[in-house]
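First up is the structure itself, then whatever we jot down about it.
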């Protein structure tokens, strides 16, 4: 799978959120690279752990912004929960590297 590149199409117009999204893209690319190079469970596992942690941080921060601004984000919050659950499931299984299905889900989110 090719690397995901940040473009202005991804921008939500809020610097903090855009910076978070850039970091998430970087982590997804690291995961993809690790899997493509068969770098092993230790390296891919570290990236997954960081992805889980940063995903939780970002989603909490984004949802606080939704609340403060009155943004109607019920569906988006549901998508956040589903993605976090998937990442946590794969991270807690101890079966690394991650399944391609998770990688694709991250890519298309």
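The values are calculated or read from the model by the stated rules, or taken from the named source; none is laboratory data. Bear in mind the structure is a predicted one, so any value in this text is a computation, not a measurement. FYI the Cβ positions are ideal-geometry reconstructions off the backbone, even for glycines, and counts take in every protein chain you see.
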Exercise. Would you say residue 59 is over 18 Å from the mean Cα position of the chain (by Cα), in a helix (DSSP H, G or I) and either surrounded by 14 or more Cβ atoms within 10 Å (Cβ to Cβ) or in contact (Cβ under 8 Å) with a residue 60 or more places away in the chain (or both)?
Worked result: no
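When residues of the range 32-42 are filtered for being modelled with pLDDT under 75 and under 22 Å from residue 88 (Cβ atoms), how many remain? Explain how you work it out, then say what you get.
Taking the range 32-42 as the starting set, the residues that turn out to be modelled with pLDDT under 75 are 38-42.
So of that shortlist, the ones also under 22 Å from residue 88 (Cβ atoms) come out as 39-42.
Residues in the range 32-42 being modelled with pLDDT under 75 and under 22 Å from residue 88 (Cβ atoms): 4 in total.
Looking at residue 4, is it under 13 Å from the mean Cα position of the chain (by Cα) and free of Cβ contacts under 8 Å to residues at least 60 places away in the same chain?
On the way: under 13 Å from the mean Cα position of the chain (by Cα): yes; free of Cβ contacts under 8 Å to residues at least 60 places away in the same chain: no.
No: the conditions fail for residue 4.
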Problem set entry | Checking residue 65 against (1) closer than 17 Å to residue 26 by Cβ; (2) touching a helix residue (DSSP H, G or I) at 6+ places or on another chain (Cβ under 9 Å); (3) modelled with pLDDT of 85 or more, the condition it does not meet | (1)
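With modelled with pLDDT of 90 or more and either more than 20 Å from residue 84 (Cβ to Cβ) or in contact with a strand residue (DSSP E or B) (Cβ under 6 Å, 6 or more places away or on another chain) (or both) as the only criterion, which of 15, 22 stands out?
Values: 22 fails: either more than 20 Å from residue 84 (Cβ to Cβ) or in contact with a strand residue (DSSP E or B) (Cβ under 6 Å, 6 or more places away or on another chain) (or both).
Step by step, each of 15, 22 is checked, and only 15 is modelled with pLDDT of 90 or more and either more than 20 Å from residue 84 (Cβ to Cβ) or in contact with a strand residue (DSSP E or B) (Cβ under 6 Å, 6 or more places away or on another chain) (or both).
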